[in-house]
There are 2 protein chains.
Amino acid sequence: MTTPNDPGIDPLSIDFRTLRLLERVHSLRSFTRAADELGLTQSAVSYAIDKLRHVFGDPLFARQGRSIHPTARCDKIVEDTRHLIASYRQMAHPPAFDPATASGTFSIACNYYERALWLPGIVHALRARAPGITLNIVDAGGTGPQRLLDGEADLLIGPIDRDGPLLHSRPLYEETYACVMDPAHPAAREPLSLATYLHLDHVLVTYGGRWTSRYITVLAEMGHDLRVALRVPSPAGLESLVAGSDLVGTVPHRLSRVLGQSIHITACPVPTSITIHTAWTALNHRSAQHIWLRTLIHTLITQSA
Amino acid sequence: MTTPNDPGIDPLSIDFRTLRLLERVHSLRSFTRAADELGLTQSAVSYAIDKLRHVFGDPLFARQGRSIHPTARCDKIVEDTRHLIASYRQMAHPPAFDPATASGTFSIACNYYERALWLPGIVHALRARAPGITLNIVDAGGTGPQRLLDGEADLLIGPIDRDGPLLHSRPLYEETYACVMDPAHPAAREPLSLATYLHLDHVLVTYGGRWTSRYITVLAEMGHDLRVALRVPSPAGLESLVAGSDLVGTVPHRLSRVLGQSIHITACPVPTSITIHTAWTALNHRSAQHIWLRTLIHTLITQSA
DNA sequence: ACAATCCATCAAAAAATTCGATGCTATATA
DNA sequence: TATATAGCATCGAATTTTTTGATGGATTGT
């Protein structure tokens, strides 16, 4: 019938369906009934058992007149098989992510703007709902997507222009620019026109690296150039720079509102806006933890934005 | 790409070759190199991974420019997979039978003849080589194969005429019949002719049930009938029945030699012989323990027969 | 004896896998 | 900046595996 260690068949070519079939035949003591239960023909069951017979080098079942009797080896194989299938099922079924008991680290790349506006809310929610997760904030710098691709961050929050390759993203809200200045500034008396804006002396927030703010790009496309008196890498402390000076700063509108009470805020006359997104890579796209966290963050931000 | 819990594909349809493929891709960080190693094309590997992606609802690997990076879920799956494959391999590989440490029960069906001749040797060898195995001797009765088919015995030793269905057997040796009588018996003076044999008064061993000894069958076919003065169910004590009487007993030749010194033994004139076999069912045909035991018994008996 | 049950087997059909070739994207190089 | 290269995805064709439906052989129960 079969020789032990039959070289003609690779034991690894057995799949879990075939193992389940073996288990059912063993339990039901019948090829025919197992076939019915599994929605197959008796013939297919016979074929599958025959394959298993070659793989295990054992007859597995011997006919005893009208019924079949498993061999001792078959009993043992079936017992092992039950554990094997259970393990595999557990492996194939992703355990539902439970924030309350979850542990791990989650890295967010963003810049001063997002940290100032949204980080407190995120941290607060996370401590309450998923206290086991360590939050790691890295500076997005001028090139946010690179943080994701390099594996330094799991989620990027910021203005994404291109929906580049390998990058999933979801828009949060649209942001406009605002100008901040000393309340005593002459230009603070009425809404700012583009002409006036271009004649003022500016404090420019460069955001460190090679990033160029959208309003600068738009101005350049219009053929205009900003009179820059001071360049700073971050909006932090911008309030004290414009207070008591004639300098004007341009920052996202929502940010201007948290810079301090002592400054005058008015709409920026450059006709453009940016859209803030969350973004991540394919690596995390299906991760239960990541889905939960990015959804949480998306909800928090869009609800208060 | 893929939706979690994709209903279109049965997770159980994954086989162990595919899991090994996943493991290799994960280790080598390359579809192409895994394909080379497994003797497949990159295309086949891509197909297999795609199937796994649907089953697990996870991209498993994300392209990072020129190379690939596994997802966290993939790492975990691969780790589980290694255990799964190891367990399966152990299950598929029949553990070599080690007599010295083996335990269990082994049932032999046979009759007085085999017990008297061979059981001491079998017991002796088994105690020495496989002390953990319990030997269980059951009477074969008139219908030996039935003991096997009923599961009452693992091995039958005895004269098998038919190589019936579901029954494996291996011949041990050929046995002839001998006549035993009192040394003072008139017929003991010269070789026994068939004519003389038929005129003697016999003690017939019936072996209990419905069994008919071969020499009886042959005599009947020849149209002869035996003059039976006494019927006994077993050859045990036959010596004392023929000693000091005019009765003649017919038993297998080897058995006659262990009945006692005080009797005369001569060849039985009925022209026939029987062949002693070991026999077993398909249930035990591939069992390592059974193969070892029946080979041991076969060797013991043929070496001293 | 006779019908019924049940697994084995065979040829044909259906499904899954593999191959070879090509496409597409992201580096690396000139 | 353009080009070459490496590497996975995808497509149709070829191959292999699985399933089916029909049939055979053996055993049991009536």
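The values are calculated or read from the model by the stated rules, or taken from the named source; none is laboratory data. Treat the numbers as computed from the prediction; the structure is a model and nothing was measured. Neighbour counts are summed over all protein chains in view; Cβ atoms, including those assigned to glycine, are modelled from backbone coordinates with ideal geometry. Only protein heavy atoms, including side chains, enter the accessible area calculation; ligands, DNA and RNA are left aside. Shrake-Rupley method; radii C 1.70, N 1.55, O 1.52, S 1.80 Å.
Around B:VAL242, what is the net charge, scoring Lys/Arg as +1 and Asp/Glu as -1 over all other residues with Cβ under 11 Å from its Cβ? Don't skip to the end; give the middle numbers.
Numbers: positive: none; negative: B:ASP182, B:ASP201, B:GLU239, B:ASP246.
Its environment carries a net charge of -4.
By DSSP, what percent of the beta bridges with both residues in chain A are antiparallel, rounded to the nearest 5?
Details: 24 of 39 bridges.
Within chain A, antiparallel bridges account for around 60 percent of the total.
Hull surface divided by four, with the convex hull built on the Cα atoms of the protein assembly as shown: how many nm²? Don't skip to the end; give the middle numbers.
Details: hull surface 159.7 nm².
Over all viewing directions, the protein assembly as shown projects a mean Cα-hull area of 39.9 nm².
So, in nm, how far is label B:SER13 from label B:LEU38 when the simple model puts each one 7 Å beyond its Cα toward the Cβ?
Once both label points are built, they end up 1.7 nm from each other.
Find the all-direction average of the projected area of the Cα convex hull for chain B, expressing the result in square nanometres with one decimal place.
Details: hull surface 94.9 nm².
That works out to 23.7 nm², a quarter of the Cα hull's surface.
Report, to the nearest whole %, how much of the accessible area of chain B belongs to carbon and sulfur atoms, 1.4 Å probe, protein only.
Numbers: 7530 of 14770 Å².
Carbon plus sulfur share of accessible area: 51 percent.
Which part of segment B:248-286 falls in the paramagnetic zone of B:LEU198, meaning amide N under 17 Å from the point 7 Å along Cα-to-beta-carbon?
The answer is B:268-272, whose backbone nitrogens lie closer than 17 Å to the label point.
Based on the mean of other beta carbon atoms within 10 Å per residue, what is the order of B:169-180, A:31-42, B:53-64, B:90-101, most packed first? Don't jump to the answer; show the numbers that get you there.
Details: B:169-180: 18.2, A:31-42: 15.9, B:53-64: 20.2, B:90-101: 12.7.
Output ranking for B:169-180, A:31-42, B:53-64, B:90-101: B:53-64, B:169-180, A:31-42, B:90-101.
Lysines near B:LYS76 by alpha-carbon distance under 21 Å, same-chain residues fewer than 8 away left out - which ones?
Result set, ordered by chain and number: B:LYS51.
Within 15 Å, Cβ to Cβ, of B:SER256, how many net charges do the neighbouring residues add up to if Lys/Arg are +1 and Asp/Glu are -1?
Details: positive: B:ARG254, B:ARG257; negative: B:GLU114, B:GLU175, B:ASP182, B:GLU239.
With Lys, Arg at +1 and Asp, Glu at -1, the neighbours total -2.
Roughly how large is the B-A contact in terms of buried accessible area, totalled over both chains, probe 1.4 Å, nearest 100 Å²?
What B and A bury together is about 3700 Å².
Taking 0.36 nm per intervening residue step and subtracting the Cα-Cα distance, what contour gain separates B:ARG63 from B:SER103 on full extension?
On the way: separation 40, 0.36 × 40 = 14.40 nm, distance 5.44 nm.
Length gained between B:ARG63 and B:SER103: 9.0 nm.
Rg and Dmax of segment A:177-272 over Cα atoms: what are they, in angstrom?
For segment A:177-272, the Cα radius of gyration and maximum Cα-Cα distance read 12.2, 35 Å.
Give me the percent of DSSP beta bridges within segment A:177-272 that run antiparallel, rounded to the nearest 5. Please list the in-between numbers first.
On the way: 8 of 14 bridges.
Roughly 55 percent of the beta bridges in segment A:177-272 run antiparallel, per DSSP.
Quick one: net charge of A:ARG73's neighbours, Cβ under 9 Å, K/R +1, D/E -1?
On the way: positive: A:LYS76, B:ARG286; negative: A:ASP58, A:ASP75.
Charge balance near A:ARG73 sits at 0.
Using helices alone, what [θ] at 222 nm do you get for the protein assembly as shown, with -39,500 (n - 2.57) per DSSP H run of 4 or more residues, divided over all residues and rounded to the nearest 500? Working shown, then result.
Working: 22 runs with 242 residues, N = 610.
Calculated from helices alone, the mean residue ellipticity at 222 nm is -12000 deg cm²/dmol.
What is the pair-distance distribution P(r) of segment A:11-92, computed from all Cα-Cα distances in 10 Å bins starting at 0, with each bin given as a whole percent?
18, 55, 25, 2, 0
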